[in-house]
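Taking it in order: structure first as structure tokens, then the write-up.
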């Protein structure tokens, strides 16, 4: 999936890695938090999404890195209630004052997860999440630039202190 965002790559990635704030604006995301820091740029992140019967809860191993043209965030499933496989690859490419977000997600919802969900639901959630993150970046640029600058500084510090 691809999404063009009217914000710099720094702004976009800084909002993506502000995990503790995501549940405020990502649809159906009830909880998102860093469960454990593994390195300066690597975390175990816990997510809980609203689902029709029992919510899906999972923990992912997330790594953030700078690339020659922007940023990359990769994630792999550690454990989940239903899902058997979940591998994500998010790239934020700089396009001058804008960015292109490219997100790939490979998922096996498992037998129970497939009962409560469908491939279309997973795709809809990915699109909704990307749009929500883009809207949040754009909102922060116009309404709260100081908070956005603080997130960009935190992202920079995270990647500079990488071990």
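Just checking, which of 162, 139 is at pLDDT below 95, over 14 Å from the mean Cα position of the chain (by Cα), exposed (fewer than 15 other Cβ atoms within 10 Å of the Cβ) and over 14 Å from residue 10 (Cβ atoms)?
Numbers: 139 fails: at pLDDT below 95.
Only one candidate qualifies: 162.
Looking at 15, 5, can you tell me which residue is within 24 Å of residue 144 (Cβ to Cβ), touching a residue at least 12 places away in the same chain (Cβ under 8 Å) and out of contact with any strand residue (DSSP E or B) (no Cβ under 6 Å at 6 or more places or on another chain)? Break it down into steps so the answer makes sense when it comes.
Working: 5 fails: out of contact with any strand residue (DSSP E or B) (no Cβ under 6 Å at 6 or more places or on another chain).
Exactly one residue qualifies, and that residue is 15.
Restricting the search to region 68-83, which residues are part of a loop (DSSP other than H, G, I, E, B) and more than 22 Å from residue 157 (Cα to Cα)? Break it down into steps so the answer makes sense when it comes.
Pass one, region 68-83, residues part of a loop (DSSP other than H, G, I, E, B): 68-69, 81-83.
Matches in region 68-83: 81, 82, 83.
Can you name the residue in region 17-32 that is more than 22 Å from residue 156 (Cβ to Cβ) and in contact with a helix residue (DSSP H, G or I) (Cβ under 9 Å, 6 or more places away or on another chain) and, of all such residues, is surrounded by the most Cβ atoms within 10 Å (Cβ to Cβ)?
Taking region 17-32 first, the residues more than 22 Å from residue 156 (Cβ to Cβ) are 23-31.
Filter again for in contact with a helix residue (DSSP H, G or I) (Cβ under 9 Å, 6 or more places away or on another chain), leaving 24-31.
Working: 24: 11, 25: 14, 26: 20, 27: 12, 28: 17, 29: 18, 30: 14, 31: 13.
Among them, the one singled out is 26.
Those residues that are modelled with pLDDT of 90 or more and buried (at least 17 other Cβ atoms within 10 Å of the Cβ), I need them from region 99-128; list them, please. Break it down into steps so the answer makes sense when it comes.
So the first thing to find is which residues in region 99-128 are modelled with pLDDT of 90 or more, and the list is 99-103.
Of everything in region 99-128, those that are modelled with pLDDT of 90 or more and buried (at least 17 other Cβ atoms within 10 Å of the Cβ) turn out to be 99, 100, 101, 103.
Taking region 4-16 on its own, how many of its residues are farther than 30 Å from residue 54 by Cβ and buried (at least 17 other Cβ atoms within 10 Å of the Cβ)? Reasoning before the result, please.
Here is the first cut: in region 4-16, the ones farther than 30 Å from residue 54 by Cβ are 4-14.
Subsequent filtering for residues that are buried (at least 17 other Cβ atoms within 10 Å of the Cβ) retains 5, 7-14.
The qualifying residues number 9.
Condition first: modelled with pLDDT under 85 and not in a loop (DSSP other than H, G, I, E, B). Now tell me which residues in region 51-67 satisfy that.
Listed by number, the list holds a single entry, 56.
Here are the criteria: (1) at pLDDT below 95; (2) under 16 Å from residue 126 (Cα atoms). Tell me which single one residue 73 does not satisfy.
So residue 73 meets the others, but not (1).
Can residue 47 be described as surrounded by 17 or more Cβ atoms within 10 Å (Cβ to Cβ) and more than 16 Å from residue 140 (Cβ to Cβ)?
On the way: surrounded by 17 or more Cβ atoms within 10 Å (Cβ to Cβ): yes; more than 16 Å from residue 140 (Cβ to Cβ): yes.
For residue 47, the condition - surrounded by 17 or more Cβ atoms within 10 Å (Cβ to Cβ) and more than 16 Å from residue 140 (Cβ to Cβ) - is met.
So in region 9-46, with the set limited to residues that are within 16 Å of residue 73 (Cα to Cα) and part of a loop (DSSP other than H, G, I, E, B), which one is farthest from the chain's Cα centre (by Cα)?
For region 9-46, the residue satisfying everything is 40.
The values are calculated or read from the model by the stated rules, or taken from the named source; none is laboratory data. Values in this document were obtained by computation on a predicted structure and should not be read as measured data. We place every Cβ from the backbone using ideal geometry, glycine too, and count neighbours over all the protein chains shown.
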